[in-house]
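The values are calculated or read from the model by the stated rules, or taken from the named source; none is laboratory data. What you see is a predicted model; the values in this text were computed from it and never measured. Quick reminder, even Gly has a Cβ in these numbers, built from the backbone with ideal geometry, and neighbours come from all protein chains shown.
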Ligand SMILES: [Cu+2]
């Protein structure tokens, strides 16, 4: 009896070890490392992205792919992601380093020539493939709080399934905005055009209106 029990325990330990190893393989090469802080943030920002193998669609617009996203420090960013094409997608962010004009230029170049080099291991999985689903039109939301001076800098955001086409930069500006760069949309070397940053307020207002509408319906 006693030895049998020992055998069962041993088998359970082996199964656990194998599971852990498998989990590691499945999440590799995305090693984690970027930690979600529990410190409250002052601000919120909403970013709408359409998940499309040809490139992240800013505000679900097929002409605005893989924009450079600008965020101020002490902001919780809510990524509203809609499945657009039925392919499996996920959303990762990784910290690349502190901001400088030359670093920014280098990473912009890496986006098209060597995206793997900036899809680093110091990352956080904002949304998984199963959360985004492969149902066209499905909406989901993931968040990340950028808080604490060490979070200022340049980040990459990407989908690990389509790591060459669904990849862009996210800049976290310090409170004075000194690291701010002109926002722009960039897709695989296409000439940088304009901007994204500020449309988030209207999104926030429309979210509030939807919430109020739902509340009114519930009361009725
Ligand atoms: Cu994808």
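Scanning segment 136-153 for residues that are out of contact with any helix residue (DSSP H, G or I) (no Cβ under 6 Å at 6 or more places or on another chain) and at pLDDT 95 or above turns up 136, 137, 138, 139, 141, 142, 143, 144, 145.
Scanning segment 139-163 for residues that are in a loop (DSSP other than H, G, I, E, B) and within 14 Å of the ligand (Cβ to nearest atom) yields 159, 160, 161, 162, 163.
Here is a yes/no grid of residues against (1) part of a helix (DSSP H, G or I); (2) surrounded by 16 or more Cβ atoms within 10 Å (Cβ to Cβ); (3) in contact with a helix residue (DSSP H, G or I) (Cβ under 7 Å, 6 or more places away or on another chain):
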residue	(1), (2), (3)
68	no, yes, no
95	no, yes, no
110	yes, yes, yes
121	no, no, no
130	yes, no, no
134	no, no, no
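Quick check on residue 87: is it within 16 Å of the ligand (Cβ to nearest atom) and over 14 Å from residue 158 (Cα atoms)? Yes, satisfied.
One line per residue, one yes/no per condition, for (1) part of a strand (DSSP E or B); (2) buried (at least 22 other Cβ atoms within 10 Å of the Cβ); (3) without any contact (Cβ under 8 Å) to a residue 40 or more places away in the chain:
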position	(1), (2), (3)
46	yes, no, no
54	no, no, no
60	no, no, yes
89	no, yes, no
92	yes, yes, no
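Hey, any hits in segment 47-70 for a residue that's modelled with pLDDT under 90, farther than 24 Å from residue 139 by Cα and more than 15 Å from the chain's Cα centre (by Cα)? Checked against the condition, which is being modelled with pLDDT under 90, farther than 24 Å from residue 139 by Cα and more than 15 Å from the chain's Cα centre (by Cα), segment 47-70 yields no hits at all. Restricted to segment 164-175, and to residues there that are under 11 Å from residue 56 (Cβ atoms) and either more than 12 Å from the chain's Cα centre (by Cα) or part of a loop (DSSP other than H, G, I, E, B) (or both), the residue that is nearest to the ligand (Cβ to nearest atom) is 166.
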